[in-house]
Amino acid sequence: MGIKKYMALLPLLTFALLARAQDPDAVTFEMKVSKSKLGINERLRVDFSMNRDGDDFVAPDFEGFQVLMGPSQAISSSFINGVRGFSKTYSYTLAPSARGTFIIKQASIVIEGKTYKTSPKQIEVTAAVDKPSDQMTADDVADESLHLVAEVSKTAPYMNEALSVVYKLYVSPNISVSRYQPLDNPKYNNFWSHDIPVGRPSAQNGTYKGKPYRYVVLKRVVLYPQRGGELEIEPLSLEVTVDVPTNRRDFFGGRIYTSTNKTVSAGRRTIRVKDLPSQGKPANFSGAVGDFNFKVTTSKTNLNASESLQARVEVSGKGNLKLFQLPEPSLPSSLEVYEPEFEETVRTTLSGSQGKVSNNYTIVPSFKGKYPIPSVSFSYFDPKNEKYHTINSKEIVINVLSGPSNGDPTARGPVTGNRQVVTATGSQFGFIKLKPNLTAIGTNYFFGSNRFYLWWLLPLLFIPIAIYFGRRRETIAGDVAGNRIKKANRLARKYLSTAKKVLGNKEAFYIALEKALHNYLKAKLKIETSEFSKDKIASLLTEKQVDDTTNEGFLALLKNCEMARYSPFSNVQMRQDYDKASEVISNMDKQL
């Protein structure tokens, strides 16, 4: 009876295991080996793969093996027929150190707050073989000869201090790269970023870990951290097609090459950002970090009333010129001051931004007199000497030579807006006219007049108008495809507006943005949501003669909406994606 009882439970247990194996949301973390039996002169490849991104990966000690290479990291994500996919792999290349049977122990990782471990694998190492099956395979050569590196200029900057990241692809002279394309561009969360164009990539000679290599600069970016603490720079991932030489030769004696596809990643980099010191911070400090000069100038100091002059508040130098506010001058209220015009001449290189920014104020005096512009102070933090500095401008006196007098202009309080004192001139009283010369109005009857009959005929004129609009309404109601397009257009505008309202809420923002993009495509390309895939969208936009920049921008926005499900996105990134969506939709409207 006991055996029959367990036999009855066996189908239920099998069904439960199959259901769990088919669950797409289940977290998987497993170890794969290239072979379980190998010679001592062969190599072993070990991959640790997962379907969710995790932290705190701990590899086994690989007792009995020597680690030749690793860990190399590969990340891929996809969105096919509405289903999102993600995979991440840590790979090692091992060489046996002795003959015998060895156990590769468990590896562990933390995914979504839970710790997962792999199952151990048993490997048998035998005597050397005549022809190692995996000696100098294309994948092994590519792993040893291809490296993507992110070179960071500073790992411990101050907040708002510039640092640069240069992505270089190092290639050994033993192989050649025929094609590469980015799989996942990094998101610079909590950084203000500025990309520096690379132009056409060209190979240069260099060294990697003491060995001669060629390298290509793929991407250069300048970052300004926006908060203190540990900030992560996400990795750049590439899919590379590598041509590896073999020991075989063709009929003419030339070496035969074999191609393989590899995914390389620059790896995450952690930046430890130092907060600006609170000791000695000036009260008027507005976030300027760098080395600056400051001045306040006027186009002239002597003029007549009702003439205008220009007052210029300018900061020049090197630092975060685009990330702070200029100080405002304090002007007498007797001067009419207009809103300033902002000017910016800034050039960004790998060492940071340099140039000048200024506010130009137009000032118009109304009265004769002398008007002082008090000294204006500007404060900044210099990360080189780690001190705050304050620069004070000189006091400027504006001398209005001629015009109406208005007492002592210097006795009036300061003002920074458009204010002007109004003074009454001439007679301040008016008198009522005693003899208005009024004339009598003649008698005018409504009944029987032309207006009377016009009001009678007016309802008859509305009959053909009502018939016209009724038929038009029926035509519109019968246009099912047109109504669907209009509805999709309205939904796109609605969700884009909703996305703007929820800026700062990552999930709600990217859900609304994704719905806006999908409904826009339904309206413009007349396809159903179920037909969406990136390849189909790209081909349809190409058929509609949409330029490559707009096409890639639209697909990048869709990808960001997907990545937002499991990646952190800052408010700065959300604002950039919203502005990018508005720009892309505007450009597509013009081209479609």
Is at least one residue of segment 197-207 open to solvent by less than 60 Å² (accessible area, probe 1.4 Å), of a type in the set (A, V, I, L, M, F, W, C) and in contact with a Ser or Thr (Cβ under 9 Å, 6 or more places away or on another chain)? no
Can you tell me which of Ala107, Ala95 is closer than 30 Å to Pro182 by Cα and either buried (at least 17 other Cβ atoms within 10 Å of the Cβ) or among the aliphatic types (A, V, I, L, M) (or both)? Ala107
Is it the case that Gln226 is at pLDDT 90 or above and open to solvent by 50 Å² or more (accessible area, probe 1.4 Å)? yes
Filtering segment 47-66 down to residues that are within 23 Å of Glu144 (Cβ to Cβ), assigned to a strand (DSSP E or B) and open to solvent by less than 60 Å² (accessible area, probe 1.4 Å) yields Asp47, Phe48, Ser49, Phe57, Phe65
Any idea which of (1) in a strand (DSSP E or B); (2) open to solvent by less than 50 Å² (accessible area, probe 1.4 Å); (3) in contact with a Lys or Arg (Cβ under 8 Å, 6 or more places away or on another chain); (4) under 30 Å from Phe324 (Cα atoms) is the one Val149 doesn't satisfy? (4)
Number of the exception - Gly85 against (1) under 33 Å from the mean Cα position of the chain (by Cα); (2) modelled with pLDDT of 85 or more: (2)
From the list Thr101, Thr126, Thr118, Thr89, exactly one residue is crowded, with 19+ Cβ neighbours inside 10 Å, in contact with a strand residue (DSSP E or B) (Cβ under 8 Å, 6 or more places away or on another chain) and not aromatic (Phe, Trp, Tyr). Which is it? Thr118
Within segment 165-183, residues modelled with pLDDT of 90 or more and either farther than 30 Å from Ser87 by Cα or open to solvent by less than 10 Å² (accessible area, probe 1.4 Å) (or both) come out as Val165, Tyr167, Leu169
Quick one: which of Glu339, Glu344 is farther than 18 Å from Asn304 by Cβ and not in a strand (DSSP E or B)? Glu339
I'm trying to understand the selection: among the residues of segment 294-322, which are surrounded by 14 or more Cβ atoms within 10 Å (Cβ to Cβ) and of a type in the set (Lys, Arg)? Lys295, Arg312, Lys318, Lys322
Failed item, numbered, when Gln73 is tested on (1) at pLDDT below 80; (2) closer than 23 Å to Leu94 by Cα; (3) open to solvent by 60 Å² or more (accessible area, probe 1.4 Å): (3)
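Residues Ser497, Ser570: which one is modelled with pLDDT of 75 or more, among the hydroxyl-bearing types (Ser, Thr, Tyr) and out of contact with any helix residue (DSSP H, G or I) (no Cβ under 8 Å at 6 or more places or on another chain)?
The conditions single out Ser497.
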Looking at segment 323-362, which of its residues are open to solvent by 70 Å² or more (accessible area, probe 1.4 Å) and free of Cβ contacts under 8 Å to residues at least 60 places away in the same chain? Gln325, Glu341, Phe342, Glu343, Glu344, Thr345, Arg347, Lys356
Say whether the condition of being surrounded by 13 or more Cβ atoms within 10 Å (Cβ to Cβ) and either of a type outside the set (Asp, Glu) or at pLDDT 65 or above (or both) is met by at least one residue in segment 450-464. no
If we scan segment 90-99, do we find a residue that is at pLDDT below 85, among the charged types (D, E, K, R) and on the phi < 0 side of the Ramachandran plot? no
Scope segment 368-406; condition outside any strand (DSSP E or B), open to solvent by 20 Å² or more (accessible area, probe 1.4 Å) and in contact (Cβ under 8 Å) with a residue 12 or more places away in the chain; matching residues: Pro374, Ser375, Pro383, Lys384, Glu386, Lys394, Glu395, Leu401, Ser402, Gly403, Pro404, Asn406
Would you check if Ala266 is surrounded by 14 or more Cβ atoms within 10 Å (Cβ to Cβ), within 27 Å of Ile363 (Cα to Cα) and either charged (D, E, K, R) or modelled with pLDDT under 95 (or both)? no
Exactly one of these conditions fails for Asp291: (1) outside any strand (DSSP E or B); (2) open to solvent by 40 Å² or more (accessible area, probe 1.4 Å). Give me its number. (1)
Can you pull out the residues in segment 326-384 that are within 26 Å of the chain's Cα centre (by Cα) and acidic (Asp, Glu)? Glu343, Glu344
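Inspect segment 269-279 for any residue being hydroxyl-bearing (Ser, Thr, Tyr), farther than 21 Å from Ser393 by Cβ and over 26 Å from the mean Cα position of the chain (by Cα) and give the result as yes or no.
Yes: segment 269-279 contains one or more residues that are hydroxyl-bearing (Ser, Thr, Tyr), farther than 21 Å from Ser393 by Cβ and over 26 Å from the mean Cα position of the chain (by Cα).
Quick check: is even one residue across segment 299-321 touching a residue at least 60 places away in the same chain (Cβ under 8 Å), assigned to a strand (DSSP E or B), of a type in the set (D, E, K, R) and under 30 Å from Lys384 (Cα atoms)?
No, segment 299-321 contains no residue that is touching a residue at least 60 places away in the same chain (Cβ under 8 Å), assigned to a strand (DSSP E or B), of a type in the set (D, E, K, R) and under 30 Å from Lys384 (Cα atoms).
The values are calculated or read from the model by the stated rules, or taken from the named source; none is laboratory data. As the structure is a prediction and not an experimental result, all values here were calculated from the model. All Cβ positions, glycine included, derive from the backbone under ideal geometry; neighbour counts span all protein chains shown. Calculation scope for accessible area: heavy atoms of the full protein, side chains included, ligands and nucleic acids excluded. Shrake-Rupley method; radii C 1.70, N 1.55, O 1.52, S 1.80 Å.
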